Each structure stands twice: as structure tokens, then as C-alpha cells.
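Engineer: Below are the C-alpha cells for one structure; questions will follow.
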Amino acid sequence: RSFSLDRAPEKPVTEPSLQSLVDMGFTCTQAERIYESLSKVRRGGAAKNATSTLTALIVLGFNPASVLKVTETCPQLYTVREAQLQQRIDNLRKLGLVEGSLQRMVAHYPQILTVTLKTVKIVVAFLREKCLFTSQQVTNILRDSPAIVLEDLGQLEYKFQYVYFRMGIKQAEMVKSKIFRCTLDEIRCRHCFLERRGLYQTPDKKGQTLIINPKLDSILNVDQATFLTAVAKASAEEYEIFQRLMAREWQGEEKEYGTVDND
Amino acid sequence: EKWAVSHPKHPPTRLALQHFDATYAVQLGQLWPSARVALLSERKYGALLNNFSNDDVLAELQANGCRDFISNTDTEAQPCLEQESIDHPVKKSDDDAQQLPPLQLSPNIKCVVFPRGDITRFKPARPDAYRLLGYYLLDAASVLPCLALDVQEGHSVLDLCAAPGGKTLALLQTQAIRFLCVNDSSVSRTLRLRKVLQSYVPKPFLTDQNLRITSFDGTKWGEIERNTFDRVLVDVPCTTDRHSLMEDDNNIFSKNRTGEKRRLPQVQLELLLAGIEAACPGGEIMYSTCTLSHIQNQSVVEQAIHLAREMHGIDLEVVDLKPLTHMFRETFHFTPELPLGEMVIPHLAANFGPIYMCKLRRLT
Ligand SMILES: C[S@@+](CC[C@H](N)C(=O)[O-])C[C@H]1O[C@@H](n2cnc3c(N)ncnc32)[C@H](O)[C@@H]1O
């Protein structure tokens, strides 16, 4: 094909040949797209690792179309060396992500394989030791919200403490409600809105409240319209204004913290 | 731990919230959650324009997106711009407000606000070349009792509980008052009021001939001056709901002010009765508060009407303020169907109030 003839001379020898891609099961069009996403990461020996990355994904059980999708979402995967990639996959398995979950996780969030072992270990240790999640809970957290591994740990701690202390939610319910999928602002905003409307109370030391709090799941894992009609019983206009007011309140708060820190 | 900071066990703001939850949930029903979140969030202000200032602050404020809610009501909603109904029979399809009797409003009061849902804040007012400030920031709803008081040319007016003076300033904007009597029992607050007047009103308007500032106990006013004033504003001390929810300092719900809080309805009643006595026959009295509390609002007015007749032989009628609420319904949320008086209820989209007002007219 003229396509491969045109391109071949410019390419370093290590870039997978069209033939090798076809041998792996890709069609010509798919191969073309692979070259295209490869061209986006022309550094760190991307081309050198391309073959091993593609192979590893296929070994993981992805079909060519899914491999293409995963690598197009995250071309950085091409820059990961073979050995590292394997280590990271093994580590996730060790963390309890069994076949099926592991594949779904990678398909949904391929970036997980670009994160160093050390980073993942720090986050896992944080969840275990600072937040006292069980290993099974940590596995579920990683499965449901893998992006957590790239979050700022300070922010993460703040989010956990907010839900734990301010909302009075225990670890098991946090995991069930997938809180780490939400940003702190989303959680705070919905919670504060309910609280100020008189529909949510922080439990006292004995875990008691005067009213029955709505389930965390019904607060966080629903779209805004459902949240407003089913839980908050408020208009979209009110909530929209409330969000703007909150953003300004918190801005002020952060500024205040800033000055405290400088003292 | 950041979220485990221990707060004092029963801060007054907390007690206030508990009290309001217990009483207002019953009193306001479905309206309470929306009022509650509004009360606990940042309030909106209005800028009362100072006609005595030389700067054209109105144009400037308008350029920033504000509008004068008093002159800019939608014309359809102005039942008080009368006559129409005589020439054209009232259309049944339109709402019944057109059938309401005209209501006169005090002239020249201008108050600008940012539109519904807009949370922009006002900048502090700047002094003009004569050191007078261009506007006074206040709860825009607190202008309503002043507007509805309907001060007219040559009137003598009593402002019985006047400090710090926002409503006094609004009344002065009419430039129609022949003699204004300003009173507040608190000496320190009266001092503040003096400062406010000095920053807004030129000296020639603040002479002994047209103004008197006193610090009497307003409940005793009947002993001083009876049947005198054309208009009386009785803006009583109350549980100041918004303040009580937001500030622990100087909070009426703090434990050491329990007695004072319990006596409020009685003091309010006595103040209103004194105001009624101070008005002349035919004169009008405006009772206002900044609480949602039924006991401090309607109940006080009901009792005052009753006692004025029983004790002083004064007959009163309640002036219907429906035309006013209809006129300003785009700017404020009013509680629907209040049996006596009108009330601005806070709402996030129009976070003004609470303001309760009830206008009485002396028949005898
Ligand atoms: C709601 S504030 C008035 C606000 C004022 N009208 C304004 O618009 O700026 C109530 C005032 O009543 C005063 N007050 C309390 N008890 C009083 C009394 N017995 N006689 C006169 N004034 C009293 C308080 O000092 C307080 O300044």
C-alpha cells in the first residue's frame, strides 16, 4: 500500500510494522489510527514500547477494537516500558482486582496503567491507614473510582474527613455510595444545600439525629434533577443560585485559611 | 481533625435555628425549607439612593446592572395607577389585583437592587464633593414599610424606634416631611443614627425646626405626646431572625438574654400602642419587624387593635397592602394569604427579608 511505503522511511525501525499490526489482528484502518495516536507521543521511546503495550493489552483480553479505543484515550500507554506495564497489571491483581474488574477498570480509565507502582502504593496506604478502609473496601474504591490514584492526597483527606465527620458517614457506606467519584465541591454543595434546608443533620456522638437523613447514595449518585425533586424538594433556580453562593463562600474561606497559614 | 473541631455546646445561633425550626416549620409549612436555606446563606442588599447627594450614582449603578425596583415595576402590576378601572371594566382573565383600591406610596424613594438571582455585591458608597454619601445599603425589603407609610407634603412624622436609621433615611428622601421626630431608646444607637444622618443629609435639613432626635423609652410615648403625628413608623425590636442565625455576638438567643427575648411581644405591643396614641385621628401607623414570627407580628397587631379600642377608645382600620405586594412581586417573595399584614419571606432568588409590615389607620 502506498500508505505504508510513504511513511516507512520516516519511521524509526522499532515502530511496529503494518504487517505486525495486521498479524496482531488489527485492520489496516485500525493500524492507521494506531500510527496516528503514536505520533502524539513521540517521546520517551513511545515507538519502542508500542508493540509490547499493544501485546500486553491483547493478552489482558482486549480485542483489537477495544485496544484501539484504550490507546486512543490514553496514548501515554505507549511510553510505558514492557516490564513496568506488567508490574502495574500484576500489582492491580494483587490488590484484588480480579479478571473482569481489571479489564473494565483499564477500559474505563486506561490512565491507571501510566501511574507508578509507588504512587498507587501511597494511595492504598493512605486509604488503609488514614481512612481505615479494609482491603476489600480499598479494592472496591479502586475499582469504582480508579482516578483516585492521581488525586492530591491533601484534597482526598479533606474529602474523606468531610464525609466522615461533617456528614457522619461510615466507611462501608462511603464505598457503597462511591464518594470518590464526586468532587469535594459536588459533595459539599449538595450536602450543605440539604443541611440548610433542614433535611440533613450531622449525627451526634452516639450517631443520632433528630431527623432521618437521606441515604448518601440518593444524594450523590443521582442527576441534579432527581436530587432536587426527590431529595432536596427545591427548584433548579434555587440550587443554581446556591451553587454560586457556595463557590463564593468557599473562596472566602480558602483565602482565610491562606492568611492563617502565613502567620 | 479538621471537621471534629468542637464548638461551644449551645451557641446562640444554634439555639435560634432550633427555635425557628420548631415554630416556622409549623407556621410556614412548605415555605420553610426555602426560607431556611435563604436565611442561612448570604443575603442581598439594596442601595437606597440619597437624593441629597450630588453624584449621579443611579446611572453608575445602572451601568453595573442594577435597577430601581420602585420605579421599574412592570406597569401591568400597578393597580394603584388608578382610573383605568373606571373607563375599562376590569378584565376577568387578568388577576384580581386590578380591582384593588389604589394605594398611595411615598414619593421620591429610590432603591436599586441587582436582578433576581444575581448575587453581585454592592461596593461601599463614596462621599461626593460635599462629603455626602450616594447611597445607603440596607435590606431592600425594609424600604417597603417606608413606601407604604405614604408620607405626604407637610406631614409630621414620628419614627419611634429609628436607629441605626435606614428607614429614617428612606422617609427623608421624600423631602415632604414638615417635622420629623426620630427616637430610639438606646443612646449609643441614637449616636450612630446621628452619624448616619450627618453622612447623608445636608445640614439645612437637620435643624431643630424640622428634626428632633430623642432617646426615650418609646413605650412611654403616650405620656409625652398624643394625637399628634400624621404618620408613625413603629419598627420594633424583635428576634431579628437573620442576625440571630448568623452572629453569635449580641444575639437575642444567648442564655443571658432569655428574659429580654420572652418580653419582646409585650414590648412590641406597648410600642405599637404608644405609636397608635401618638398618631392623630386619621393618621396612619406602620408596624414592622424583621422576623417571621407570628407571635411578634400578627398577634401583636391583633392585640394592639383590640387594646387601643378597650383602653384608649381608639378605633383603627387595617389598610390593605395587597396592591403593594402585587406591585413588587417581581422583586420580593411575599407569603401568600397572610390574614393580617404582609410579609417578605427570604428566598435564594430574592434573598431579602424577613420583613413583616402592617398598616393601621386611626378612625378616631
Ligand atoms: C429593628 S431596630 C430599628 C431599625 C431602624 N428602624 C432602621 O431602619 O434602621 C429596633 C430599634 O428599637 C430600639 N428599641 C428597643 N426598645 C425600645 C424602646 N422601648 N423604645 C424605643 N426604641 C427601642 C432598639 O434600640 C433598636 O435600635
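Engineer: Would you mind telling me which numbered condition in (1) open to solvent by less than 50 Å² (accessible area, probe 1.4 Å); (2) within 22 Å of residue B:217 (Cα to Cα); (3) not in a strand (DSSP E or B) residue B:280 fails?
Structural biologist: Single failed check for residue B:280: (3).
Engineer: Let me ask you something else. Among residues belonging to segment A:38-53 that are open to solvent by 60 Å² or more (accessible area, probe 1.4 Å) and either at pLDDT 80 or above or part of a helix (DSSP H, G or I) (or both), point out the one that is nearest to residue A:85 (Cα to Cα).
Structural biologist: Once the filter is applied, the top-ranked residue is A:48.
Engineer: Within segment B:135-142, is even one residue part of a helix (DSSP H, G or I) and either within 14 Å of chain A (Cβ to nearest Cβ) or not hydrophobic (A, V, I, L, M, F, W, C) (or both)?
Structural biologist: There is at least one residue in segment B:135-142 that is part of a helix (DSSP H, G or I) and either within 14 Å of chain A (Cβ to nearest Cβ) or not hydrophobic (A, V, I, L, M, F, W, C) (or both).
Engineer: If you don't mind, another one. Count, please, the residues in segment A:155-169 that happen to be more than 11 Å from chain B (Cβ to nearest Cβ) and open to solvent by 30 Å² or more (accessible area, probe 1.4 Å).
Structural biologist: 1
Engineer: Given the criteria within 12 Å of chain A (Cβ to nearest Cβ), part of a helix (DSSP H, G or I) and modelled with pLDDT under 95, does residue B:3 qualify?
Structural biologist: Yes; evaluated as a whole, the condition is true for this residue.
Engineer: Right, another one. Within segment B:128-162, which residues are among the aliphatic types (A, V, I, L, M) and under 26 Å from residue B:114 (Cα atoms)?
Structural biologist: B:132, B:133, B:137, B:138, B:140, B:141, B:143, B:144, B:147, B:148, B:149
Engineer: From the set of residues in segment B:253-268 that are touching a residue at least 24 places away in the same chain (Cβ under 8 Å) and farther than 30 Å from residue B:156 by Cβ, which is most open to solvent (accessible area, probe 1.4 Å)?
Structural biologist: Within segment B:253-268, the match that is most open to solvent (accessible area, probe 1.4 Å) is B:255.
Engineer: Quick check on this structure: which one of B:116, B:43 is assigned to a loop (DSSP other than H, G, I, E, B), touching a strand residue (DSSP E or B) at 6+ places or on another chain (Cβ under 6 Å), open to solvent by 30 Å² or more (accessible area, probe 1.4 Å) and modelled with pLDDT of 95 or more?
Structural biologist: After applying the criteria, what remains is B:116.
Engineer: Give me a count of the residues in segment B:319-341 that are among the acidic types (Asp, Glu) and in contact (Cβ under 8 Å) with a residue 24 or more places away in the chain.
Structural biologist: Within segment B:319-341, residues that are among the acidic types (Asp, Glu) and in contact (Cβ under 8 Å) with a residue 24 or more places away in the chain number 2.
Engineer: Okay, moving on. Could you say which residue among B:116, B:131, B:126 is away from the ligand (no atom under 15 Å from the Cβ) and within 14 Å of chain A (Cβ to nearest Cβ)?
Structural biologist: B:116
Engineer: Okay, next question. Could you figure out which of (1) open to solvent by less than 10 Å² (accessible area, probe 1.4 Å); (2) touching a Pro at 6+ places or on another chain (Cβ under 6 Å); (3) in contact (Cβ under 8 Å) with a residue 60 or more places away in the chain isn't true of residue B:193?
Structural biologist: Looking at each condition in turn, residue B:193 falls short on (3).
Engineer: Go through segment A:189-237 and give me each residue that's within 11 Å of another protein chain (Cβ to nearest Cβ), open to solvent by less than 50 Å² (accessible area, probe 1.4 Å) and part of a helix (DSSP H, G or I).
Structural biologist: A:192, A:193, A:194, A:195, A:196, A:197, A:232
Engineer: Among the residues of segment B:233-278, how many are of a type in the set (A, V, I, L, M, F, W, C), away from chain A (no Cβ under 14 Å) and more than 13 Å from the ligand (Cβ to nearest atom)?
Structural biologist: 2
Engineer: Does segment B:319-333 contain at least one residue that is within 21 Å of residue B:142 (Cβ to Cβ), of a type in the set (Asp, Glu) and open to solvent by 30 Å² or more (accessible area, probe 1.4 Å)?
Structural biologist: yes
Engineer: Would you pick out the residues in segment B:220-231 that are under 19 Å from the mean Cα position of the chain (by Cα) and either within 12 Å of the ligand (Cβ to nearest atom) or open to solvent by 30 Å² or more (accessible area, probe 1.4 Å) (or both)?
Structural biologist: Selection gives B:230 alone.
Engineer: Still on this structure: If residue B:200 satisfies every condition in (1) hydroxyl-bearing (Ser, Thr, Tyr); (2) more than 14 Å from the ligand (Cβ to nearest atom); (3) within 22 Å of residue B:140 (Cβ to Cβ) but one, which is the exception?
Structural biologist: Result: residue B:200 passes all but (2).
Engineer: Any idea how many residues of segment B:302-318 are within 16 Å of the ligand (Cβ to nearest atom) and either open to solvent by 10 Å² or more (accessible area, probe 1.4 Å) or under 24 Å from residue B:26 (Cα atoms) (or both)?
Structural biologist: So the answer is 0.
Engineer: Follow-up question, since we're still on this one. Hey, any hits in segment B:169-178 for a residue that's among the polar types (S, T, N, Q), more than 9 Å from the ligand (Cβ to nearest atom), under 11 Å from residue B:106 (Cβ atoms) and open to solvent by 10 Å² or more (accessible area, probe 1.4 Å)?
Structural biologist: yes
Engineer: Could you list, ordered by first residue, the pairs with Cβ atoms under 6 Å in which the first is in segment A:237-254 and touching a residue at least 24 places away in the same chain (Cβ under 8 Å) and the second is open to solvent by less than 60 Å² (accessible area, probe 1.4 Å), at least 6 apart or interchain?
Structural biologist: A:239/A:228; A:242/A:193; A:242/B:348; A:243/A:189; A:246/A:189
Engineer: If residue B:248 passes every condition in (1) open to solvent by less than 90 Å² (accessible area, probe 1.4 Å); (2) in a loop (DSSP other than H, G, I, E, B); (3) within 14 Å of residue B:158 (Cβ to Cβ) but one, which one does it miss?
Structural biologist: Exception for residue B:248: condition (3).
Engineer: Of the residues in segment A:192-217, how many are of a type in the set (Ser, Thr, Tyr) and farther than 23 Å from residue A:245 by Cα?
Structural biologist: Qualifying residue count for the region: 1.
Engineer: I would also like to ask the following. Return yes or no: is residue B:206 free of Cβ contacts under 8 Å to residues at least 40 places away in the same chain and away from the ligand (no atom under 15 Å from the Cβ)?
Structural biologist: yes
Engineer: Taking only pairs six or more apart or across chains, which ones have beta-carbon atoms under 8 Å, a first residue in segment B:26-45 that is facing another protein chain (nearest Cβ under 7 Å), and a second residue that is open to solvent by 70 Å² or more (accessible area, probe 1.4 Å)?
Structural biologist: Close Cβ pairs satisfying both conditions: B:33/A:233; B:40/B:246.
Engineer: Pairs, please: C-beta under 9 Å, at least 6 apart or cross-chain, first residue touching a residue at least 40 places away in the same chain (Cβ under 8 Å) and closer than 22 Å to residue A:138 by Cα and in segment A:179-204, second among the charged types (D, E, K, R) and surrounded by fewer than 18 Cβ atoms within 10 Å (Cβ to Cβ)?
Structural biologist: Hits for this filter: A:179/A:173.
Engineer: Let me ask you something else. Filter segment A:205-232 down to residues that are without any contact (Cβ under 8 Å) to a residue 24 or more places away in the chain and under 23 Å from residue B:333 (Cα atoms), then give me how many there are.
Structural biologist: So the answer is 2.
Results for (1) modelled with pLDDT under 95; (2) on the phi < 0 side of the Ramachandran plot; (3) open to solvent by less than 50 Å² (accessible area, probe 1.4 Å), shown as yes or no for each residue.
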{"position": "A:68", "(1), (2), (3)": "yes, yes, yes"}
{"position": "A:82", "(1), (2), (3)": "yes, yes, no"}
{"position": "A:101", "(1), (2), (3)": "yes, yes, yes"}
{"position": "A:115", "(1), (2), (3)": "no, yes, yes"}
{"position": "A:120", "(1), (2), (3)": "no, yes, yes"}
{"position": "A:123", "(1), (2), (3)": "no, yes, yes"}
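The values are calculated or read from the model by the stated rules, or taken from the named source; none is laboratory data. A quick note: this is a predicted structure, and the numbers were derived from the prediction, not measured. Here the Cβ is made from the backbone with ideal geometry for all residues, glycine too, and neighbour counts use every protein chain on show. Surface accessibility is based on the protein's heavy atoms, side chains included, excluding ligands, DNA and RNA. Shrake-Rupley method; radii C 1.70, N 1.55, O 1.52, S 1.80 Å.
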